[in-house]
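Novice: The structure that follows is given in the form of structure tokens.
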Amino acid sequence: MPRVGDRLTEIIAELEDARLAYPGAGGEVSVLAGIDMRVTAGEILAVTGPSGSGKSSLIALMGGLERPTGGRIDVMGVDMAHADETTRTRLRRRDIGVVFQAYHLVPAMTALQNVALPLVLAGIPDARERAAAMLDRVGLGHRLDHRPTALSGGEQQRAAIARAFIAAPRLILADEPTGNLDQKTGAAIVEVMFDLARSTGAALLLVTHDPALAARCDRRLEIDSGRIAA
């Protein structure tokens, strides 16, 4: 592990020449063309770049939602290129939380049920109590029994953030989490995420188009045409 100052910094994720390509009518289409990067424990890392540059694909690879077509992706000791689906699913349930722009809450479930779901799937007996406490922490203690259609966009994203943090993951992957929200609501959502990341010690990789938000992060990487530009 690299030494920063007088302390050791744990590497949560490491990518070496990570590539992703899809077959196309005119030949292979490259999405990520060789990414080298590290994410260390507790840091908040912004990933910026133009639309179509590969930012969301980077999150998909690190979260095990896509397999790379080349290179190496190690997330907490798991080789994401070769791990089977069971291993990748277990890692997501235990150590990775994902926040999407479009919330992805289960429509038929209440806020409480949505947030408790990762713990229920893991067989944790006090899932509902822990979910209620997490919803209260993100400001939704009064909305436990409301389904997503009864929640505003900001409230849905708060529930999605609570669900991402509920299992105390070591890595949070957030893909444009404020993209569907107005500026004021988005700013409040960012504060919730930053507070949870700082207090839990989770590493937060945040994809954003907002330069002011990126400037608040510990570090920034820019992706352009599938490569790290800065």
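Novice: With r defined as the distance between the Cβ atoms of Arg147 and Thr87 and R0 fixed at 35 Å, what FRET efficiency is calculated, to the nearest 0.05?
Specialist: 0.60
Novice: In Å², what does the accessible area per residue of the chain work out to with a 1.4 Å probe?
Specialist: Counting only protein heavy atoms, the per-residue value for the chain is 47 Å².
Novice: Now for a different question. For the range 58-140, give the magnitude of the charge dipole about the Cα centre (Cβ charges: +1 Lys/Arg, -1 Asp/Glu; no others), in debye to the nearest 20.
Specialist: 40
Novice: Quantify, in whole percent, the carbon and sulfur part of the accessible surface of the chain (1.4 Å probe; protein heavy atoms only).
Specialist: Carbon and sulfur together cover 50 percent of it.
Novice: Need one word for the range 137-219: rounded, prolate or oblate. Basis is the Cα gyration tensor (sqrt eigenvalues a ≥ b ≥ c); a/c below 1.5 gives rounded, then a/b vs b/c decides.
Specialist: Since a/c reaches 1.5 but b/c is at least a/b, the shape of the range 137-219 is classed as oblate.
Novice: Let a ≥ b ≥ c be the square roots of the eigenvalues of the Cα gyration tensor of the range 1-120; is it rounded (a/c under 1.5), or, if not, prolate (a/b larger than b/c) or oblate? Each step should come with its number before you reach the end.
Specialist: On the way: a/c = 1.65, a/b = 1.09, b/c = 1.52.
Oblate, because a/c is 1.5 or more while a/b does not exceed b/c.
Novice: Show me 56-69, 172-185 ranked by packing, highest mean number of other Cβ atoms within 10 Å first.
Specialist: Details: 56-69: 21.1, 172-185: 18.9.
Those peptides, ordered most packed to least, come out 56-69, 172-185.
Novice: How high is the relative contact order of the chain, in percent, with contacts defined as C-alpha pairs under 8 Å that are six or more residues apart?
Specialist: Once normalised by length, the contact order is 28 percent.
Novice: Counting just the Cα atoms, what span does the chain cover along each of its three principal axes? Round to the nearest Å and put the largest first.
Specialist: For the chain, the Cα extents along the three principal axes come out at 49, 44, 34 Å.
Novice: As a test of reading the structure, rank Thr149, Thr87, Thr200, Thr110 by solvent-accessible area (1.4 Å probe, protein chains only), most first.
Specialist: Ranked from most to least accessible, the order is Thr149, Thr200, Thr87, Thr110.
Novice: Sticking with this one: Going from most exposed to least, what order do His146, His209 have by accessible area with a 1.4 Å probe?
Specialist: Sorted descending by solvent-accessible area, the residues read His209, His146.
The values are calculated or read from the model by the stated rules, or taken from the named source; none is laboratory data. Fair warning: this is a prediction, and the values are worked out from it, not measured in the lab. Ideal geometry is used to build each Cβ from the backbone, glycine not excepted, and the neighbour counts take in all protein chains shown. Please note that ligands, DNA and RNA were not included when accessible areas were found on the heavy atoms of the full protein model with its side chains. Shrake-Rupley method; radii C 1.70, N 1.55, O 1.52, S 1.80 Å.
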